[in-house]
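In what follows, a structure is listed as structure tokens, so that the remarks can point back to it.
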Amino acid sequence: MSEIEREAMEYDVVIVGAGPAGLSAAIRLKQLDSELNIVLLEKGSEVGAHILSGAVLDPCGLDRLIPDWKERGAPITVPVKKDNFFMLGEAGKARIPNFIMPPLMSNHGNYIVSMGNVCRWMAEQAEAMGVEIFPGMACSELVFGENGEVKGVVAGEFGKDADGNQGANYEPGMELHGKYVFLSEGVRGSLSKQVIEKYDLAANSDVAKFGIGMKEIWEIDPEKHQEGTVTHTMGWPLGGNAGGGSFIYHLDNNQVYVGFVVHLNYKNPHMFPYMEFQRFKHHPMVAELLKGGKRVAYGARAISEGGFQSIPQMAFPGGALLGCSAGLVNVPRIKGNHNAMLSGIHAAESAVAAMSAGRAGDTLSDYDEAVKSGPIGDDLKKVRNVKPLWSKKGLLASLAVGGFDMWCNTILGTSLLGTLKHGKSDAEATEKASRHKPIDYPKPDGTLSFDRLTNVAFSFTNHEESQPAHLKLKDADIPVNVNLAEFAGPSARYCPAGVYEFVGEGEETKFQINFQNCVHCKTCDIKDPSQNITWTVPQGGDGPNYPNM
């Protein structure tokens, strides 16, 4: 516990993160017991400000949570009308017939949505039920009880200067205590990472795997707009350099989501995921769609890709991991929001049962079981071998063998391959620069493709510059002496916001962290080959301000 004296407030359940998982948990808690005192803390300036997702939403989670969501006016109004799958070459494309895809890959019955707007609507539902929601409240520390359990968090600390000292307007924040604490921070959350390590929650699971997802919103020519059309591509421009692919979703108001995902287990440290995304938009199919349009927003975030075998134990003394804090994304479907919602529901039901029995601060083991043996586990087990196949054998093997494996799981209820292992972590997968050739990327043209700093302006990111950098180095010498010398300084490329750069030459070279640019994707915490960068929360309200991502 911190030595700073803080006031404390007591709640039944404290929830960190107002994404689909945390909001679902809050709503379900109130549905089960309207008298519970629930607080939900969100580091963004408002609910939805830090939410970025594709997103094609499978409504199964929301159907279970709020069955009458349509009647309540949820911003879920664009059903998927058409599914396209393409394998791209540099100048052409080949369509993958829908009929060969396993049924689970169909988007029939799903919706193209802004998850930011869905979360804003869910927050309204939660507040109407009496949930206290505080945006702009970053949770910077865990609070532990006498028996080593998590009993709360520190939230709302403001006013430290650049050196980490208490400034003139310093506010210590508060301790918020709960009988249970739910961590729904999204991918690679700073508190979740601490909890996983402290309680060794990943001891019996496979290594965690991740991707970096980048997204732009475009307003396009109405004549080219096809509301409800979903397109996914693989192949060019990544080729054999990395796994990944794209998505193009036509929502309403002549807007299109254009996104690109690069798996972070790539070997070549010269790989530049952001520039791969920009190059992708120059493919004839994409360029023709976007011609005459304009980009109106940009953002990026890491994506959990480990799947079923990488899920850690989700319950710990005093709380639970929800949603992407544990990694519940179905990689082939590029969907995780439905599982995030279901995890929130399961956690709430487990906590209410425990509190009704007079328990507090213990491990909700039945929650962990409900996730892994219930609908979330069923969803993820069917596709558990696609990612390791892709990582080890490449795209074509993933399509052929992975597709066959998904069919076996669908028809037979089991896999002939068993459960494949992922192997190395994404950081460990990075090889030394001497083993690879640099990759030549075309310069952005300012019409279809853009430099990073120009695009970051369209994420509406802002950080108070007088605060300490929220990106921490374990060893200040490693970036230049190791990462630049041996890996060609990959942080200058893997960051989709231009946070990291090497300035100067020779012995004068220095590593510079432009934390003001950070869009909170957390790729650096994942991909740094020396695991030397730790992402922590800046003061509350800082970061991107996504409009309708």
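Results for (1) over 23 Å from HIS283 (Cα atoms); (2) at pLDDT below 95; (3) over 22 Å from the mean Cα position of the chain (by Cα), shown as yes or no for each residue.
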{"position": "GLU35", "(1), (2), (3)": "yes, no, yes"}
{"position": "ILE38", "(1), (2), (3)": "yes, no, yes"}
{"position": "LYS43", "(1), (2), (3)": "yes, no, no"}
{"position": "CYS60", "(1), (2), (3)": "yes, no, no"}
{"position": "ILE66", "(1), (2), (3)": "yes, no, yes"}
{"position": "TRP69", "(1), (2), (3)": "yes, no, yes"}
{"position": "ILE76", "(1), (2), (3)": "yes, no, no"}
{"position": "ILE96", "(1), (2), (3)": "no, yes, yes"}
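Can you tell me which residue within segment 130-165, out of those that are in contact with a Pro (Cβ under 8 Å, 6 or more places away or on another chain) and assigned to a strand (DSSP E or B), is farthest from GLU465 (Cα to Cα)?
Within segment 130-165, the first condition is being in contact with a Pro (Cβ under 8 Å, 6 or more places away or on another chain), and the residues that meet it are 138, 147-150, 157, 160-164.
Next cut, assigned to a strand (DSSP E or B) only: 150, 160.
On the way: VAL150: 32, LYS160: 11 Å.
This residue is VAL150.
Quick one: count up the residues across segment 415-446 that are within 20 Å of ASP528 (Cβ to Cβ), of a type in the set (Ser, Thr, Tyr) and surrounded by 12 or more Cβ atoms within 10 Å (Cβ to Cβ).
The total comes to 2.
Residues checked against (1) in a loop (DSSP other than H, G, I, E, B); (2) of a type outside the set (Phe, Trp, Tyr); (3) at pLDDT 95 or above:
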| site | (1), (2), (3) |
| --- | --- |
| ALA320 | no, yes, yes |
| PRO332 | yes, yes, no |
| LEU342 | no, yes, yes |
| ALA347 | no, yes, yes |
| ALA353 | no, yes, yes |
| ARG359 | yes, yes, yes |
| ASP366 | no, yes, yes |
| ILE376 | no, yes, yes |
| LYS387 | no, yes, no |
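Out of the residues in segment 354-412 meeting the condition of being of a type in the set (Val, Ile, Thr) and surrounded by fewer than 16 Cβ atoms within 10 Å (Cβ to Cβ), tell me which one is nearest to LEU321 (Cα to Cα).
Out of the qualifying residues, it is THR410.
Return the pairs, sorted by first residue and then second, in which the second residue is of a type in the set (S, T, N, Q) and assigned to a strand (DSSP E or B), the first residue lies in segment 533-549 and is under 13 Å from CYS521 (Cα atoms) and in contact (Cβ under 8 Å) with a residue 24 or more places away in the chain, the beta carbons are less than 6 Å apart, and the residues are 6+ apart or on different chains.
Here the result reads VAL537/SER140, each pair linking segment 533-549 to a residue that is of a type in the set (S, T, N, Q) and assigned to a strand (DSSP E or B).
Could you give every pair whose Cβ atoms fall below 7 Å, whose first residue belongs to segment 355-368 and is farther than 17 Å from VAL143 by Cβ, and whose second residue is open to solvent by 50 Å² or more (accessible area, probe 1.4 Å), counting only separations of at least 6 or pairs across chains?
MET355/LYS179; ASP368/GLN313
Working carefully through the options LEU88, LEU40, find the one that is in contact with a strand residue (DSSP E or B) (Cβ under 7 Å, 6 or more places away or on another chain), open to solvent by less than 20 Å² (accessible area, probe 1.4 Å) and over 26 Å from VAL258 (Cα atoms).
Values: LEU88 fails: over 26 Å from VAL258 (Cα atoms).
Checking each option against the conditions leaves just LEU40.
Working only within segment 110-127, note down all residues that are of a type outside the set (Val, Ile, Thr), in a helix (DSSP H, G or I) and more than 25 Å from ALA8 (Cα to Cα).
Narrowing segment 110-127 to residues of a type outside the set (Val, Ile, Thr): 110-111, 114-117, 119-127.
This time we only want the ones that are in a helix (DSSP H, G or I), so: 115-117, 119-127.
Scanning segment 110-127 gives MET115, GLY116, ASN117, CYS119, ARG120, TRP121, MET122, GLU124, GLN125.
Of everything in segment 284-300 that's among the basic types (Lys, Arg) and in contact with a strand residue (DSSP E or B) (Cβ under 6 Å, 6 or more places away or on another chain), which residue is least open to solvent (accessible area, probe 1.4 Å)?
Only one residue fits best here, namely ARG295.
From (1) within 17 Å of the chain's Cα centre (by Cα); (2) touching a residue at least 60 places away in the same chain (Cβ under 8 Å), pick out the condition that doesn't hold for PHE316.
Every condition holds for PHE316 apart from (1).
Six or more apart or on different chains, Cβ atoms under 7 Å: show the pairs whose first residue is in segment 455-471 and open to solvent by 30 Å² or more (accessible area, probe 1.4 Å) and whose second is of a type in the set (Lys, Arg).
From segment 455-471, the pairs are PHE458/ARG295.
Can you name the residue in segment 495-545 that is part of a loop (DSSP other than H, G, I, E, B) and charged (D, E, K, R) and, of all such residues, is surrounded by the fewest Cβ atoms within 10 Å (Cβ to Cβ)?
Only one residue tops the list, namely GLU505.
So for segment 484-492 (the condition being in contact (Cβ under 8 Å) with a residue 12 or more places away in the chain, under 30 Å from MET549 (Cα atoms) and crowded, with 16+ Cβ neighbours inside 10 Å), does at least one residue qualify?
Looking through segment 484-492, at least one residue is in contact (Cβ under 8 Å) with a residue 12 or more places away in the chain, under 30 Å from MET549 (Cα atoms) and crowded, with 16+ Cβ neighbours inside 10 Å.
Just the residues that are surrounded by 15 or more Cβ atoms within 10 Å (Cβ to Cβ) and over 18 Å from the mean Cα position of the chain (by Cα), please, taken from segment 1-24. Write out each step before concluding.
Within segment 1-24, the subset surrounded by 15 or more Cβ atoms within 10 Å (Cβ to Cβ) is 6, 9, 11-24.
The answer is ARG6, MET9, TYR11, ASP12, VAL13, VAL14.
Residue by residue through segment 141-174, note down the ones that are under 26 Å from the mean Cα position of the chain (by Cα) and modelled with pLDDT of 95 or more.
GLU141, LEU142, VAL143, VAL150, LYS151, GLY152, VAL153, VAL154, ALA155
So, in segment 4-37, how many residues would count as being touching a Leu at 6+ places or on another chain (Cβ under 6 Å), farther than 19 Å from ALA155 by Cα and outside any helix (DSSP H, G or I)?
Residues that pass the stated criteria total 1.
Considering only residues that are in a helix (DSSP H, G or I), in contact with a Pro (Cβ under 6 Å, 6 or more places away or on another chain) and either among the acidic types (Asp, Glu) or under 22 Å from CYS518 (Cβ atoms) (or both), which ones fall in segment 262-299?
Passing the criteria: TYR274, GLU276, GLN278.
Could you tell me which of the residues GLY402, GLY423, GLY418, GLY394 is touching a Ser or Thr at 6+ places or on another chain (Cβ under 8 Å), at pLDDT below 95 and of a type in the set (Gly, Ala, Ser)?
On the way: GLY402 fails: touching a Ser or Thr at 6+ places or on another chain (Cβ under 8 Å); GLY418 fails: touching a Ser or Thr at 6+ places or on another chain (Cβ under 8 Å); GLY394 fails: touching a Ser or Thr at 6+ places or on another chain (Cβ under 8 Å).
Only one candidate qualifies: GLY423.
Mind checking which residues of segment 139-182 are hydrophobic (A, V, I, L, M, F, W, C), in contact with a strand residue (DSSP E or B) (Cβ under 7 Å, 6 or more places away or on another chain) and either surrounded by fewer than 18 Cβ atoms within 10 Å (Cβ to Cβ) or in contact (Cβ under 8 Å) with a residue 60 or more places away in the chain (or both)?
Within segment 139-182, CYS139, VAL143, PHE144, VAL150, VAL153, VAL154, ALA155, PHE158, MET174, LEU176, VAL181, PHE182 qualify.
Tell me, yes or no, whether segment 92-99 has at least one residue that is part of a loop (DSSP other than H, G, I, E, B) and open to solvent by 50 Å² or more (accessible area, probe 1.4 Å).
Yes, there is a match, as at least one residue in segment 92-99 is part of a loop (DSSP other than H, G, I, E, B) and open to solvent by 50 Å² or more (accessible area, probe 1.4 Å).
Cβ contacts < 7 Å: first residue farther than 14 Å from VAL113 by Cβ, restricted to segment 69-82; second residue modelled with pLDDT of 95 or more and hydrophobic (A, V, I, L, M, F, W, C), any location; separation 6+ or different chain. Result?
ARG72/ILE66; LYS82/VAL230
Which one is most open to solvent (accessible area, probe 1.4 Å), of the residues in segment 198-214 that are in contact with a helix residue (DSSP H, G or I) (Cβ under 6 Å, 6 or more places away or on another chain) and not in a loop (DSSP other than H, G, I, E, B)?
PHE210
The values are calculated or read from the model by the stated rules, or taken from the named source; none is laboratory data. Owing to the predicted nature of the structure, the values given are computational and were not obtained by experimental measurement. Note that each Cβ is placed from the backbone with ideal geometry, even for glycine, and that neighbours are counted across all protein chains shown. Quick note on the areas: whole protein, heavy atoms, side chains included, nothing else; ligands and nucleic acids left out. Shrake-Rupley method; radii C 1.70, N 1.55, O 1.52, S 1.80 Å.
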